[in-house]
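This report concerns only the one structure given below.
The values are calculated or read from the model by the stated rules, or taken from the named source; none is laboratory data. All values derive from a computational prediction rather than experimental measurement. Virtual Cβ from ideal backbone geometry, glycine too; neighbours counted across all protein chains shown. Each accessible area value is taken on the protein alone, full model and side chains, heavy atoms only, with ligands, DNA and RNA left out. Shrake-Rupley method; radii C 1.70, N 1.55, O 1.52, S 1.80 Å.
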Amino acid sequence: GQQLNQSPQSMFIQEGEDVSMNCTSSSIFNTWLWYKQDPGEGPVLLIALYKAGELTSNGRLTAQFGITRKDSFLNISASIPSDVGIYFCATPETSGSRLTFGEGTQLTVNP
Amino acid sequence: EAGVAQSPRYKIIEKRQSVAFWCNPISGHATLYWYQQILGQGPKLLIQFQNNGVVDDSQLPKDRFSAERLKGVDSTLKIQPAKLEDSAVYLCASSFSPRYEQYFGPGTRLTVT
């Protein structure tokens, strides 16, 4: 199956700092999704990208669909304590709607 | 709008015992998914239903896992017998149809001792 490589695995930052994380694959995709998972909860969709080169924002979050269609980036500006959680990239399998998830980036924000 | 409901939230069992998880999807969502999330990993799809029919169960360990979605609404995932490596969070998700956004429930955390 497809494999998504997320980096970094974890990040420890100070409140107010900007954050950047990425997801790469050896395969080409038509859709990139970014989810956030809070402790004890299921993942929640943050941003969906459907076109190579697309740049989409959701509040302080900005995500980009790489031109090569093999990668995507998520940036968080001016981090706050509630940004703490695990961020996953995901993409649907080309044959259907099964989502393949990356391993996640654990974000810790120190007040 | 009510979200995806799952129960129980936590379960601890001994290996070789049986366990069942329940999921109630968002009203009107025809597609239902069960995912397994092992600690430190992303969710992995176990089975996908479209109404009450199975669309994808290629990653379901069928010798011990089973799932059903009677009447195309609620769903139950069962493990019998459980193994230590089944310790994980089991997430249920639903969507209006396969190409639409998936909404996840809070999950059931299973610990097998």
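Please indicate, with yes or no, whether at least one residue in the range A:72-83 is more than 16 Å from A:ILE13 (Cα to Cα) and surrounded by 18 or more Cβ atoms within 10 Å (Cβ to Cβ). Yes, there is a match, as at least one residue in the range A:72-83 is more than 16 Å from A:ILE13 (Cα to Cα) and surrounded by 18 or more Cβ atoms within 10 Å (Cβ to Cβ). Which count do you get for residues in the range A:1-40 that are hydrophobic (A, V, I, L, M, F, W, C) and out of contact with any Phe, Trp or Tyr (no Cβ under 8 Å at 6 or more places or on another chain)? Final tally of qualifying residues: 7. When we screen A:SER20, A:SER57 for residues that are under 16 Å from the mean Cα position of the chain (by Cα), open to solvent by 70 Å² or more (accessible area, probe 1.4 Å), modelled with pLDDT of 95 or more and more than 11 Å from chain B (Cβ to nearest Cβ), the only hit is A:SER57. Suppose we filter A:PHE65, A:PHE88 for residues that are more than 14 Å from chain B (Cβ to nearest Cβ), aromatic (Phe, Trp, Tyr) and either touching a residue at least 24 places away in the same chain (Cβ under 8 Å) or over 28 Å from B:THR31 (Cα atoms) (or both); which single one remains? Just one listed residue meets the conditions, A:PHE65.
Within the range A:91-104, one or more residues are over 16 Å from the mean Cα position of the chain (by Cα), crowded, with 19+ Cβ neighbours inside 10 Å and hydroxyl-bearing (Ser, Thr, Tyr).
Picking from residues in the range B:16-72 that are assigned to a loop (DSSP other than H, G, I, E, B) and facing another protein chain (nearest Cβ under 10 Å), the one that is surrounded by the most Cβ atoms within 10 Å (Cβ to Cβ) is B:PRO43.
The set of residues from the range B:1-15 being within 10 Å of chain A (Cβ to nearest Cβ) and part of a loop (DSSP other than H, G, I, E, B) comprises B:GLY3, B:VAL4, B:ARG9.
As for the range B:86-97, it holds at least one residue that is surrounded by fewer than 23 Cβ atoms within 10 Å (Cβ to Cβ) and more than 14 Å from chain A (Cβ to nearest Cβ). Taking the numbered list (1) open to solvent by 30 Å² or more (accessible area, probe 1.4 Å); (2) under 22 Å from A:ARG98 (Cβ atoms) in turn, A:SER7 passes all entries but (2). Taken together, the residues in the range B:49-83 that are more than 19 Å from B:THR108 (Cβ to Cβ) and either in contact with a His (Cβ under 7 Å, 6 or more places away or on another chain) or in contact (Cβ under 8 Å) with a residue 24 or more places away in the chain (or both) amount to 3.
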